[in-house]
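Undergrad: I have a structure here, written as structure tokens, and I will follow up with some questions on it.
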Amino acid sequence: MSSNLEGKSDAPRVVGIQERRLGGTLLRTYRTKANLDTIAPNERQPRTGNKVDEELQRQIEANEGLFEPLLVEPHPENRDKFRIVDGERRWTNLQILVQQGREQYRQVPIEVVDRTLTEEERLRVWIYIHRQRKEWDAREKEMVAYRLVELSGKASAANILGVSLRELEKLIQVFELSQRFTKLRDPNAAITWARELNGLSRKLLTSSVIDAVVTKVNEQRITNSKDLRKLRTIVPDPVARDHFLSPPGDIESAMLRVASIKRPSEGGLPADLDAIMESVKKIPWTKLQDLKGDTELLMKIDAAEAMLKSLKKALS
């Protein structure tokens, strides 16, 4: 039994120890109730941002309490408290209801792990629960990936997350890049900027381009992350690129310096091929991620590839 129950006359009654397997982690837990004030959040909880949810508050009231107990562990620094493993959003909104005078929600159903987890165990459990609920947020995945690498190395982190080492590297790159966007009005938007920038071709994404983008975003001279997609047009053009990299350069002024693409006035096959290539280049990398594994699309690409090979052979 947890040490934070010892010597307390109002200690919660333990219903019974049970084993609960969450992915590769086996926990011994028991269910009980505890005062909301004895439950503390985890300062290293992966989910960031605003946790206030009025719809969740209405659900709690409609159910006359939580439908699912908070998963907690003995607090490592305070024997009289529990620390949240999963359920910080529910805990936050319960607090709001109690502050509004709904004292009936002060006693909270909890599922208590019989020991304090290690950092890696806590992340494993949190990841497994949220993937099962399909509540996985990309921002959280990148942050957790970075922490897991710090704790257990790349191979173990990739195994826990269920991704390849290459995919893990991309997550880490995006997270590290996001740390450089320090002047945004919404700090949580840094991942969005980093994802857009990291979506550029490796040939385009030189250190000088990255430095210029970070500087101009932090100076609020670029205010829409989607505008970074225009760098696919700007960076290959020497004049436009040099202007963008210069101190006064920005996205729009650089676009004005992009050399116009010459196409045959009569149109025909060359113009059609140019149009197809331009269309493909404009597809956001996030959209490509959504299309990954689309069997019908892959069949169409195979057919197009075969047709282009035949065309090239006929024209050679």
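The values are calculated or read from the model by the stated rules, or taken from the named source; none is laboratory data. The structure displayed is predicted, hence computed values, not measured ones. Every residue, glycine as well, gets a Cβ built from its backbone with ideal geometry; the counts of neighbours run over all protein chains shown.
Undergrad: So which of P236, P247 is free of Cβ contacts under 8 Å to residues at least 12 places away in the same chain, not in a helix (DSSP H, G or I) and not hydrophobic (A, V, I, L, M, F, W, C)?
TA: Criteria check complete, one pass: P247.
Undergrad: Another question about this same structure. When you scan the stretch 72-85, do you find a residue that is out of contact with any Asp or Glu (no Cβ under 7 Å at 6 or more places or on another chain) and assigned to a helix (DSSP H, G or I), even just one?
TA: For the stretch 72-85, residues out of contact with any Asp or Glu (no Cβ under 7 Å at 6 or more places or on another chain) and assigned to a helix (DSSP H, G or I): absent.
Undergrad: Need the failing condition index for L204 against (1) among the aliphatic types (A, V, I, L, M); (2) part of a helix (DSSP H, G or I); (3) surrounded by fewer than 16 Cβ atoms within 10 Å (Cβ to Cβ), just the number.
TA: The single condition L204 does not satisfy is (2).
Undergrad: How do the pairs read when you match residues in the stretch 56-76 that are outside the structural domain of L22 (by TED's automatic domain parsing) with residues anywhere that are surrounded by fewer than 20 Cβ atoms within 10 Å (Cβ to Cβ) and at pLDDT below 95, using Cβ under 8 Å and keeping only pairs 6 or more apart or on different chains?
TA: Matching pairs, first to second residue: none at all.
Undergrad: Right, here's the next one. Any residue at all in the stretch 42-55 that's outside any loop (DSSP other than H, G, I, E, B) and not acidic (D, E)?
TA: Within the stretch 42-55, not a single residue is outside any loop (DSSP other than H, G, I, E, B) and not acidic (D, E).
Undergrad: Are any of the residues in the stretch 81-91 within 30 Å of D186 (Cα to Cα), touching a His at 6+ places or on another chain (Cβ under 8 Å) and small (G, A, S)?
TA: Within the stretch 81-91, none of the residues are within 30 Å of D186 (Cα to Cα), touching a His at 6+ places or on another chain (Cβ under 8 Å) and small (G, A, S).
Undergrad: Test R83 against the criterion of being in the same structural domain as R44 (by TED's automatic domain parsing), in contact with a strand residue (DSSP E or B) (Cβ under 6 Å, 6 or more places away or on another chain) and surrounded by 16 or more Cβ atoms within 10 Å (Cβ to Cβ), and give yes or no.
TA: yes
Undergrad: Among the residues of the stretch 238-255, write down those that are surrounded by fewer than 17 Cβ atoms within 10 Å (Cβ to Cβ) and of a type in the set (D, E, K, R).
TA: D242, D250, E252
Undergrad: Can you list the helices (runs of 4 or more DSSP H) found entirely within the stretch 255-316 that contain at least 2 residues being modelled with pLDDT under 75, within 20 Å of L200 (Cα to Cα) and of a type in the set (S, T, N, Q)?
TA: 285-291
Undergrad: Another question, then. What number of residues within the stretch 67-103 satisfy the criterion of being farther than 15 Å from A34 by Cβ and of a type outside the set (D, E)?
TA: 11
Undergrad: Right, another one. Could you tell me whether V163 is of a type in the set (A, V, I, L, M, F, W, C), under 20 Å from the mean Cα position of the chain (by Cα) and farther than 20 Å from D53 by Cβ? Walk me through how you get there before you give the answer.
TA: Values: of a type in the set (A, V, I, L, M, F, W, C): yes; under 20 Å from the mean Cα position of the chain (by Cα): yes; farther than 20 Å from D53 by Cβ: yes.
For V163, the condition - of a type in the set (A, V, I, L, M, F, W, C), under 20 Å from the mean Cα position of the chain (by Cα) and farther than 20 Å from D53 by Cβ - is met.
Undergrad: Criterion first (among the basic types (K, R) and over 27 Å from the mean Cα position of the chain (by Cα)) does K51 satisfy it?
TA: Against the criterion (among the basic types (K, R) and over 27 Å from the mean Cα position of the chain (by Cα)), K51 does not qualify.
Undergrad: Let me ask something else. Would you point out which residue out of V149, V174, V163 is under 23 Å from L231 (Cα atoms), outside the structural domain of T25 (by TED's automatic domain parsing) and of a type in the set (V, I, T)?
TA: Among V149, V174, V163, only V174 is under 23 Å from L231 (Cα atoms), outside the structural domain of T25 (by TED's automatic domain parsing) and of a type in the set (V, I, T).
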